[in-house]
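Written out below as structure tokens is the structure these notes cover.
The values are calculated or read from the model by the stated rules, or taken from the named source; none is laboratory data. Because the structure is a prediction, the values reported are computed rather than measured. With ideal geometry, Cβ positions are generated from the backbone for all residues, glycine too; neighbour counts draw on all protein chains shown. Heads up: the accessible areas ignore ligands, DNA and RNA and are worked out on the full protein's heavy atoms, side chains in. Shrake-Rupley method; radii C 1.70, N 1.55, O 1.52, S 1.80 Å.
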Amino acid sequence: SHPSAESLDEYFFRLVYGAHGGALTHIAAAFTLLGEGWVVLALLPFLITRRYRRPALALLGVFAATAAAVALLKLAFHRVRPCNGLSGVRCLWLDAPTDYSFPSGHAAGSFAFVAFIGSLLFFSPESRRRPARRIAGCALLLATATCIALSRVYLGVHFPGDVVAGACLGAILGLVGARVHLGQRVVGP
């Protein structure tokens with residue numbers, strides 16, 4: 001018989017959870033903090049500058065849609081977090097979240113950001129300049145989003161399937177948001 005998706009998810013969870021005896025907990029916690037919702041406040045300065053106001057508003061819309069979709073899916077699936085449902089597993093940093101596990105909001109938000117910004121970097125009218133810099137920037141953003149997602153598994157609050165689903169959801173919403181933004185964009189200053 002083939003292993004179930006749930007048993008594979010638990011198997012991969014146990015490979016990542018607290019790896020290296022928990023030596024990376026502080027690094028994982030830092031990436032988790034970077035993926036928290038309050039980071040949206042970093043967009044505030046862009047809202048007051050004329051040049052970046054429209055993309056910042058569009059990105060805020062993407063974040064709002066992503067948060068709503070995550071909340072609805074968590075209510076629909078009611079998946080218990082690994083730290084609340086697996087023996088020998090606890091949250092390795094602060095208190096365990098009290099909401100459901102599937103999908104990961106951290107992964108969804110960070111991949112929505114990467115997809116949105118990456119789309120602007122490659123498909124906006126200004127995107128023809130400095131291709132190597134754009135590729136490097138996108139690679140850095142993607143690596144950061146991946147670390148944010150993996151930090152959630154490492155800390156014991158999500159299964160790998162939660163973060164994969166969150167990443168896919170966020171990437172789709174980020175791409176759609178960028179497409180809408182770029183389609184509505186007025187050319188000129």
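A few comments on the model shown:
- For the range 52-74, a residue qualifies if it is open to solvent by less than 50 Å² (accessible area, probe 1.4 Å) and touching a residue at least 60 places away in the same chain (Cβ under 8 Å), and the qualifying residues are P55, A58, L59, G61, V62, A65, T66, A69, V70.
Residues checked against (1) within 18 Å of the chain's Cα centre (by Cα); (2) modelled with pLDDT of 90 or more; (3) loosely packed, with under 12 Cβ neighbours inside 10 Å; (4) not charged (D, E, K, R):
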site: D9; (1), (2), (3), (4): no, yes, no, no
site: R14; (1), (2), (3), (4): no, yes, no, no
site: L24; (1), (2), (3), (4): no, yes, no, yes
site: A29; (1), (2), (3), (4): yes, yes, no, yes
site: V40; (1), (2), (3), (4): yes, no, no, yes
site: R50; (1), (2), (3), (4): no, yes, yes, no
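- Scan the range 115-166 for residues that are basic (K, R) and in a helix (DSSP H, G or I) and the total you get is 4.
- L75 passes every criterion in (1) modelled with pLDDT under 95; (2) more than 17 Å from the chain's Cα centre (by Cα) apart from (1).
- Scanning the range 158-185 for residues that are among the aliphatic types (A, V, I, L, M) and either closer than 19 Å to S104 by Cβ or open to solvent by 30 Å² or more (accessible area, probe 1.4 Å) (or both) gives V163, V164, A165, A167, L169, A171, I172, L173, L175, V176, V180, L182.
- Restricting attention to the range 105-142, the residues that are open to solvent by 50 Å² or more (accessible area, probe 1.4 Å), on the phi < 0 side of the Ramachandran plot and free of Cβ contacts under 8 Å to residues at least 24 places away in the same chain add up to 12.
- Of note, A29 satisfies the criterion of being more than 15 Å from F113 (Cα to Cα) and in contact with a helix residue (DSSP H, G or I) (Cβ under 8 Å, 6 or more places away or on another chain).
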